[in-house]
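See structure below.
The values are calculated or read from the model by the stated rules, or taken from the named source; none is laboratory data. None of these values were measured; they are calculated from a predicted model. As a convention, Cβ positions derive from the backbone with ideal geometry for all residues, glycine included, and neighbour counts pool all protein chains shown. To get the accessible areas, we keep the full protein, side chains included, count just its heavy atoms, and leave off ligands, DNA and RNA. Shrake-Rupley method; radii C 1.70, N 1.55, O 1.52, S 1.80 Å.
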Amino acid sequence: MNQLGKFITLEGVDGAGKTSHIEFIKEYLTNLKLDFIMTREPGGTELGERLREILLHDEMTPKTETILMFAARNEHIEKVIRPGLTSGAIVISDRFTDASYAYQSGGKGVEDEEIDVLKDLVQKNLQPDLTFLFDLPVEVSIKRLKKTRKLDKFEKEEKDFHENVRKKYLMIAKNNPKRFSVLNSEKSIDEIQSQIKIKLDELLK
Ligand code: TMP
């Protein structure tokens, strides 16, 4: 693939406040007059959004869930991410493959090696250039979740599940320090946004 654009992903435990910073990123890139695509996983395509409904609400085995996540991801990569990057756009995905390692492996015990196989199959040489990890102690994220709308299947999981997801995310970040920017979601919105700005400027200069 001839990648002209940049690929940015956003990750974090449920309730870590990722959504509120998406608006900030959009506004920032719009002000810079940069061409960008904001998308999400599971989802991002017509089929992917239908799979999202199933993934977020239907019970299935962890392995089925993993395969379905990657089926949606394949569609997303082929129809949205690669064409976007080839055209020179900045593609920002609200979650990507790190979420499969964090949730399906860390949370549900699917083997990393099985996820590696699916990753190689659908991603090939595609890798995010920058990943923001919105991190928050699980006690705080659960409190925040309780105040929100109707919870999906993942948000309803026990505390241990969320602890394991968080641990896995932090481990992936530690092993990939160049790609990851870990944001402490307990800090003020201004502090988090200035850290986001620094990283975006570094990547896009
Ligand atoms: P969202 O609420 O941030 O849109 O994410 C939807 C849920 O899907 C979230 O709880 C994490 C979960 N998820 C996985 O379990 N594996 C994945 O590969 C992805 C992309 C999301």
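Some points to look at:
- A Förster radius of 45 Å combined with the Cβ-Cβ distance from residue 158 to residue 28 puts the calculated FRET efficiency at roughly 0.80.
- Dipole of the chain, positive end: most advanced residue of 15, 47, 32 [Cβ charges, Cα centre]: 32
- Partners of residue 199 within straight-line reach, counting lysines whose Cα lies under 19 Å from its Cα and excluding those fewer than 8 residues away in the same chain: 6, 18, 26, 33, 174, 178, 187.
- Whole-number D in µm²/s for region 157-199 (Stokes-Einstein; Kirkwood sum over Cα pairs; 10 °C, 1.306 mPa s): 134 µm²/s
- Three-way shape label, region 64-205, alpha-carbon gyration tensor, a/c 1.5: oblate
- Förster radius 35 Å - calculated FRET efficiency between residue 174 and residue 61, Cβ distance, rounded to 0.05: 0.75
- Shown here: region 24-72, whose C-alpha atoms stretch 44, 18, 15 Å along the first, second and third principal axes, sorted largest to smallest.
- Mean accessible surface per residue for region 114-182, computed with a 1.4 Å probe while every protein chain stays in place, in Å²: 59 Å²
- Region 1-152: relative contact order as a whole-number percent, Cα under 8 Å and 6+ apart: 43 percent
- Percent carbon-and-sulfur accessible area, the chain, ignoring ligands, DNA and RNA, probe 1.4 Å: 52 percent
- Extension gain, residue 202 back to residue 49 (0.36 nm per residue minus Cα-Cα distance, nm): 51.9 nm
- Charge sum, other residues only, whose C-beta stays under 14 Å from residue 151's C-beta, Lys/Arg counted +1 and Asp/Glu -1: +4
- Accessible area (Å², 1.4 Å probe, nearest 10) - residue 40: 90 Å²
- Take the Cα radius of gyration of region 96-139 and divide it by 2.2 N^0.38 Å, N being the number of residues; the result is 1.30.
- Rg and Dmax of region 11-148, Cα atoms only, in Å: 15.4, 44
- Entries of 119/159; 79/124; 79/153 with Cα pairs more than 20 Å apart: 119/159; 79/153
- Protection-proxy order for peptides 123-133, 169-179, each taking the mean of Cβ atoms within 10 Å per residue, highest first: 123-133, 169-179
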